[in-house]
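Novice: My structure is below; once you've seen it, I'll send some questions.
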Amino acid sequence: MGRIKAIHQIMPGFLYGDALGNQAARIRDLLRAWGYESQIYAQFRDQRWADPGIDYQRYQGHADTVLVYHYSIASPLTEFVRHLPDRLVVYYHNVTPAEFLHGYNPEFAALLGQGREELPLLKSAPYALAASDYNRDELLALGFQNVQVLPYFVYLDELLASADSPAGQDIVKRYADGWVNWLFVGRLVPNKRQDDLIRAFNYYHRLVNPHSRLFLVGSDINAPGYRLELEIMAEAFGLSANVHLTGPVGLREGLGGYYRSATGFLCLSEHEGFCVPLLEAMAFDVPILAFKATGVPYTLGEAGLLIARKRYDIIGELMESVAHDGAVRRVLVARQRERLTAFAPQRVEASLREYIDSLS
């Protein structure tokens, strides 16, 4: 078989600022730089991209073309790609279990449930990629073959720079008062368990350190009702002034300022395929305390402090150790710095190049 000339990507939504969208864009840029014809085809295309791709219905398959299907939710693309002549690569980013969203967004929950049900339909694809070892294990359990791990390209320079921007500096100055600042970054959705973060913080704030705050940075676009629950919970605990639900904060709004202001990063999520914010916290030397579930331990490796049970009293005491025990902080930061090197963009780029070469 001759050298592959075209490697395209197809996905339900090519969204600007989204982890999957960023990954697809970076892969496309590299493939083009390496001499391949490469485009992104999507059902929904965000016009904020300089090149927003092409409507997937215009895609014409070819036996000598590799097509990478980014899979994270049910969509018409699953049936569409099954009937194409291309060499299909399923790139699995995980599907959030539908039960987390049933009471908040039934339509979205239905798509997630359908996404889980339809995933095995693709197990006959000759190749598969997974964004993490956790995702790879799921694919192998379903009968997929030849599954390789390709982590996300996480470029941290812009995030670090955002902390020095006027918006980022304003955030840093606003909270540079000696208080302990706990941070979690991620969409406000039940699987990420921001409610448990508030419960743990309630113990910490009331019984350990009243000079403390909790920042929950993220959009509620998929579950606005859940945000309302969080606000009510914070008010019931008497924490309205100490729990800050910031809404979505991007680079232009100074996202790095929250990381730079953070004393520690607390993650009690019960479902993560990868969890990019863990790497972002590492970049700012923010020690991580996290619940050992799904993709989190795969991303953390030997870094961070993992907890196996959600005992809010124990979590609260561990939060204090992470915040004020210098020896604990030094060990965690050193391990996190080492772990971050495993996700250096040049390493991911080398993995992608090696994988593409293996398909030729």
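Novice: May I ask you to compute the full-extension gain from His211 to His324, defined as 0.36 nm times their residue separation minus their alpha-carbon distance, rounded to one decimal in nm? Before the final figure, lay out the partial values.
Specialist: Working: separation 113, 0.36 × 113 = 40.68 nm, distance 1.28 nm.
Contour length minus Cα-Cα distance gives 39.4 nm.
Novice: To continue, here is another question. In what sequence do Glu317, Glu37 fall when counting other Cβ within 10 Å, fewest first? Let's see the in-between values first.
Specialist: Details: Glu317 15, Glu37 12.
Listed from fewest to most nearby Cβ atoms, that is Glu37, Glu317.
Novice: Still on this model: Would you calculate the convex hull of the Cα atoms in the range 157-341 and tell me its volume per residue in Å³? Don't jump to the answer; show the numbers that get you there.
Specialist: Values: hull volume 19.5 nm³, N = 185.
Spread over its residues, the Cα hull of the range 157-341 gives 105 Å³ apiece.
Novice: So how long is each side of the range 74-183 along the principal axes, counting just the alpha-carbon atoms, biggest first, in Å?
Specialist: Dimensions of the range 74-183 along the principal axes of its Cα atoms: 58, 35, 24 Å.
Novice: Can you tell me the relative contact order of the range 1-148? Whole percent, Cα pairs under 8 Å, sequence separation 6 or more. Don't skip to the answer; put the middle values down first.
Specialist: Details: 270 pairs, mean separation 29.0, N = 148.
So the answer I get is 20 percent.
Novice: Let me ask another. In nm, to one decimal, how far is the modelled label at His102 from the one at Ser240, with both set 7 Å along Cα→Cβ?
Specialist: 3.3 nm
Novice: Could you pull the Cα extents of the range 251-360 along its three principal axes, largest to smallest, in whole Å?
Specialist: Reported extents, whole Å, longest axis first: 55, 31, 28.
Novice: Also, I was wondering about something else. Under 8 Å for C-alpha pairs, at least 6 residues apart: give me the relative contact order for the chain, rounded to a whole percent. Show your work: numbers first, answer last.
Specialist: Working: 682 pairs, mean separation 50.9, N = 360.
Dividing the mean separation by the residue count of the chain yields 14 percent.
Novice: If you bin the C-alpha pair distances of the range 277-338 every 10 Å from 0, what whole percents do you get?
Specialist: 23, 55, 22, 0
Novice: Any chance you could run the full-extension gain for Gln57 through Gln169? It's 0.36 nm times the residue separation minus the Cα-Cα distance, nm to one decimal. It would help to have the intermediate numbers written out before the result.
Specialist: On the way: separation 112, 0.36 × 112 = 40.32 nm, distance 4.52 nm.
Residue separation times 0.36 nm, minus the Cα-Cα distance, leaves 35.8 nm.
Novice: Something else about it: Any chance you could count the Lys pairs in the chain whose alpha carbons are under 26 Å apart, treating pairs 8 or more apart or on different chains as valid? All intermediate terms of the calculation are to be shown ahead of the outcome.
Specialist: On the way: Lys5/Lys123; Lys192/Lys292; Lys192/Lys310; Lys292/Lys310.
The result is 4.
Novice: Going by how many other Cβ atoms sit within 10 Å of their own, how do Arg58, Arg26, Arg45 line up, fewest first? Walk me through the numbers before you get to the answer.
Specialist: On the way: Arg58 7, Arg26 18, Arg45 21.
In increasing order of surrounding Cβ atoms, one gets Arg58, Arg26, Arg45.
Novice: Taking the alpha carbon gyration tensor of the chain, what are the square roots of 5 times its eigenvalues, largest first, to the nearest whole Å? Present the calculation step by step, with values, prior to reporting the outcome.
Specialist: On the way: eigenvalues 278, 92, 72 Å².
Ellipsoid semi-axes (Å, largest first): 37, 21, 19.
Novice: So who's got an amide H within less than 5 Å of the one on Leu305, skipping anything under 5 residues away but keeping other chains? H placed 1.01 Å off N, in plane.
Specialist: Under 5 Å from the amide H of Leu305: Ile288, Leu289, Ala290.
Novice: Now a separate question. Using the number of other C-beta atoms within 10 angstrom as an exposure proxy, rank Lys310, Lys192 with the fewest first.
Specialist: On the way: Lys310 15, Lys192 26.
Lowest to highest Cβ neighbour count: Lys310, Lys192.
Novice: Something else: For the range 13-82, just say rounded, prolate or oblate: build the C-alpha gyration tensor, square-root its eigenvalues into a ≥ b ≥ c, call rounded for a/c under 1.5, and beyond that prolate if a/b exceeds b/c, oblate if not.
Specialist: Note, shape of the range 13-82 comes out oblate.
Novice: For Lys310 and Arg353, compute 0.36 nm times the residue count separating them, minus their Cα-Cα distance, and round to one decimal in nm. The partial results should precede the final answer.
Specialist: Numbers: separation 43, 0.36 × 43 = 15.48 nm, distance 4.10 nm.
Working it through step by step, the gained length comes to 11.4 nm.
Novice: Provide the per-residue ³J(HN,Hα) series for the range 185-194, in order, calculated from phi with Karplus coefficients 6.51, -1.76, 1.60 and θ = phi - 60°, each as a whole number of Hz, with x at glycine and proline positions.
Specialist: After applying 6.51 cos²θ - 1.76 cosθ + 1.60, I find 10, x, 3, 7, 9, x, 5, 7, 6, 4 Hz.
Readers should treat all values here as calculations from the given coordinates under stated rules, not as data from a laboratory. What you see is a predicted model; the values in this text were computed from it and never measured. Neighbour counts are summed over all protein chains in view; Cβ atoms, including those assigned to glycine, are modelled from backbone coordinates with ideal geometry.
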